[in-house]
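This report concerns only the one structure given below.
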Amino acid sequence: MNEGSGLLKGRERFFALDDGLRGTLEEWGVGGPPLLCVHGMTSSRKGWTRLAGRFSTERRVFACDQRGHGDLADVTGPMTLEQSVRDLESATRAIGDPVDLLLGHSWGGSVVLCGGPRTGARAVVALDPVIRVRPGTFAADYVEELRDLLSLDRDNRIPRIRELYAKDDPLDREAKVHAMERMSVAALERIGSDNGVEEGRWDLRPLLESYPLPLLVLLSGEDSVVDPEDRQWLEGLGGSVRVRTIEGAGHNLHRTHLDRVVEEIRAFERVAFGESPA
């Protein structure tokens, strides 16, 4: 398959979330152990299309939208990390087979870190995950820069999104449109308020101190959401936690440095599973 050609399209089907909402599960590939991908804030399931093209000859690759994004853009609450993990559990049940590998980026990295032990996954990959949010930083770092864009109506917003991401691969650019064309600022604000971010409650370090699964934390070399102090802490964990950095890559490393991300995931698979899946 030629990722980036625009020809790689996933198969879509609906599944039920635990509170009766309807999610959309997208699937690429025809066989092999499942890989389930979880996007971050302002992204969507379609943002995994290019990566899916790299793994879909050996795996069934799945992705679904998180609340407030894409097909679930009209859902603005609850936006707790716990609810996101329950949604992840619903997605794994819809897949039917045990998930071999969970992969998440940024906020989605937080979800897979929490959800890995609860879903029965064999291993977890977190791409520049939100490990900790310091009080007083959430609105400035995650909300305010998007307020003007998300105040536009849909007809004016879509051209603006395409303009902002004009240099990205066309598949990644259209994934951003899918993610944000109906998104509201309220959804982003509730991620902060519902998770007690200002009170310092977004802190996954206690979970990671004795993580029960093989884990790859793949960090960006620039513009990372993981600050230097937490990066050093992660690197000292050892055990089942493998920490790698892609120098020169920004926060969206799976879009700008896809080859290297795939290389790191494959190397991790060999360590975690003893051999590359076939």
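Each value in this text was obtained by applying a stated rule to the coordinates, not by laboratory testing. Remember, it's a predicted structure, so these values are computed and weren't measured experimentally. Positions of Cβ are backbone-derived with ideal geometry, glycine not excepted, and every protein chain shown enters the neighbour counts.
Determine Rg/Rh for the chain; Rg is computed over alpha-carbon atoms and Rh is the Kirkwood hydrodynamic estimate from the same atoms. Each step should come with its number before you reach the end.
Numbers: Rg = 17.4 Å, Rh = 18.7 Å.
With Rg and the Kirkwood Rh in hand, the quotient comes to 0.93.
For the chain, set up a Gaussian network in which alpha carbons nearer than 10 Å are linked by springs, and say which option among 163, 181, 26 fluctuates the most.
It is 163.
Give me the net charge of residue 152's neighbourhood, meaning all other residues with Cβ under 15 Å from the Cβ of residue 152; Lys, Arg count +1, Asp, Glu -1.
Computed value for this residue: +1.
What residues have an amide H closer than 5 Å to that of residue 219, excluding those fewer than 5 places away on the same chain, when H is modeled at 1.01 Å from N in the peptide plane?
128, 244, 245, 246
Using Cα pairs closer than 8 Å and at least 6 residues apart in sequence, work out the relative contact order for the chain, in percent.
Contact order relative to length: 19 percent.
Computed from the mean reciprocal separation of all distinct C-alpha pairs, what Kirkwood hydrodynamic radius does segment 140-235 have, in Å?
Roughly 16.3 Å, rounded to one decimal.
Using each residue's phi in segment 124-141, evaluate 6.51 cos²θ - 1.76 cosθ + 1.60 at θ = phi - 60° and report the 3J(HN,Hα) Karplus result to the nearest Hz, with x for Gly and Pro.
So the J values, rounded to whole Hz, are 9, 10, 10, 8, 6, x, 7, 7, 8, 10, 6, x, x, 10, 5, 4, 5, 8.
Under 15 Å from the Cβ of residue 238, count the other residues' Cβ atoms, weight Lys and Arg +1, Asp and Glu -1, and hand me the total.
On the way: positive: 205, 231, 242, 244; negative: 209, 235.
Once positives and negatives cancel, what remains is +2.
Treating only the Cβ atoms of Lys and Arg (+1) and Asp and Glu (-1) as charged, compute the dipole magnitude of the chain about its Cα centre; round to the nearest 20 debye.
Details: 36 positive and 46 negative charges, 143 e Å.
The dipole of the chain has a size of about 680 debye.
How many angstrom lie between the Cα centre of segment 243-277 and the Cα centre of segment 13-40?
22
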